[in-house]
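K.L.:
My questions will all concern the structure given below.
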Amino acid sequence: MLNRNHRTHQTGITLLESLVAMLVLSAGIGALAWTQARHLADGRDTAARSMALLLTEDLADRMLFNRNAAASGSYQLAWGERPAPADCRSAPCLGSALARADLSAWRDALAQALPGSDAHVFAAGGSARQMGIAISWRSTGASALAPATGLDCPVQSNCHVTYVPF
């Protein structure tokens, strides 16, 4: 027989278990949201890096087509420099005029593809037979230097550097 006079007092335990379950669930949802945001940022950075690679290959092809002008330094470009465009539509351009037209068109393509980006084209290692092309773009998880080059990358930017021998 059961003793009906004996009562157990368990009040509030179910509420406490519910609160703990909600805390664990909210921590899991927060971690999932952070992971999703990180993947989106990494995806944007990967897309920007791919575009930078395509743009450096484009300029490298232009430089290889106009080797003599590239070897003479006509394609050099400092960070923030905007070359004056050359008119190669009304008359054919050669040498440094073609280099100036190439750089102007390339900088326009760079600004359109990667807003807030910048570029630096330089003689690599002091040699006129090899040029470096560096592109920087804004990124939240950016490094301070371009990888293994010693080239100063603008603050809060990622950089991609390509070397073109000719």
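The values are calculated or read from the model by the stated rules, or taken from the named source; none is laboratory data. All figures in this text were calculated on a predicted structure; none of them were measured in a lab. So basically every Cβ, Gly included, is an ideal-geometry build from the backbone, and we count neighbours across all protein chains shown.
K.L.:
Out of the residues in region 127-139 that are in contact with a strand residue (DSSP E or B) (Cβ under 6 Å, 6 or more places away or on another chain) and polar (S, T, N, Q), which is modelled with the lowest pLDDT?
P.N.:
Among residues in region 127-139 that are in contact with a strand residue (DSSP E or B) (Cβ under 6 Å, 6 or more places away or on another chain) and polar (S, T, N, Q), the one modelled with the lowest pLDDT is 139.
K.L.:
Quickly run through region 44-93 and pick out the residues that are crowded, with 16+ Cβ neighbours inside 10 Å, in contact with a Ser or Thr (Cβ under 6 Å, 6 or more places away or on another chain) and closer than 13 Å to residue 105 by Cβ.
P.N.:
83
K.L.:
Out of 142, 124, 146, which single residue is at pLDDT below 85 and in contact with a Gly (Cβ under 6 Å, 6 or more places away or on another chain)?
P.N.:
On the way: 142 fails: in contact with a Gly (Cβ under 6 Å, 6 or more places away or on another chain); 146 fails: in contact with a Gly (Cβ under 6 Å, 6 or more places away or on another chain).
Within the list 142, 124, 146, the selection yields 124.
K.L.:
Take residue 109 and decide whether it is of a type in the set (A, V, I, L, M) and farther than 17 Å from residue 163 by Cα. Can you show your working first?
P.N.:
On the way: of a type in the set (A, V, I, L, M): yes; farther than 17 Å from residue 163 by Cα: yes.
Taking the combined requirement at face value, the residue satisfies it.
K.L.:
Further, regarding this structure: Taking into account only those residues within region 94-113 that are touching a helix residue (DSSP H, G or I) at 6+ places or on another chain (Cβ under 6 Å) and not polar (S, T, N, Q), which is surrounded by the fewest Cβ atoms within 10 Å (Cβ to Cβ)?
P.N.:
The initial filter retains those residues of region 94-113 that are touching a helix residue (DSSP H, G or I) at 6+ places or on another chain (Cβ under 6 Å), namely 95-96, 99, 102, 106, 110, 113.
From the residues that got through so far, the ones that are not polar (S, T, N, Q) too are 95, 99, 102, 106, 110, 113.
Numbers: 95: 12, 99: 26, 102: 25, 106: 21, 110: 21, 113: 15.
Among residues in region 94-113 that are touching a helix residue (DSSP H, G or I) at 6+ places or on another chain (Cβ under 6 Å) and not polar (S, T, N, Q), the one surrounded by the fewest Cβ atoms within 10 Å (Cβ to Cβ) is 95.
K.L.:
Another question, if that's okay. Going by what's in this entry, would residue 74 be described as in contact (Cβ under 8 Å) with a residue 12 or more places away in the chain and within 24 Å of the chain's Cα centre (by Cα)?
P.N.:
Numbers: in contact (Cβ under 8 Å) with a residue 12 or more places away in the chain: yes; within 24 Å of the chain's Cα centre (by Cα): no.
Answer is no for this residue.
Okay, residues lined up against (1) within 43 Å of the chain's Cα centre (by Cα); (2) modelled with pLDDT of 90 or more; (3) of a type in the set (Val, Ile, Thr):
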site	(1), (2), (3)
3	no, no, no
6	no, no, no
17	no, no, no
22	yes, yes, no
27	yes, yes, no
32	yes, yes, no
36	yes, yes, no
41	yes, no, no
50	yes, no, no
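K.L.:
Next up: Cβ-Cβ under 7 Å, sequence separation 6+ or interchain: first residue in region 77-97 and of a type in the set (Ser, Thr, Tyr), partner modelled with pLDDT under 80 and assigned to a loop (DSSP other than H, G, I, E, B). Which pairs?
P.N.:
none
K.L.:
Specify the residue that is modelled with the lowest pLDDT; the eligible residues are those in region 71-88 that are outside any strand (DSSP E or B) and in contact with a Leu (Cβ under 7 Å, 6 or more places away or on another chain).
P.N.:
So, considering only residues that are outside any strand (DSSP E or B) and in contact with a Leu (Cβ under 7 Å, 6 or more places away or on another chain), the one modelled with the lowest pLDDT is 88.
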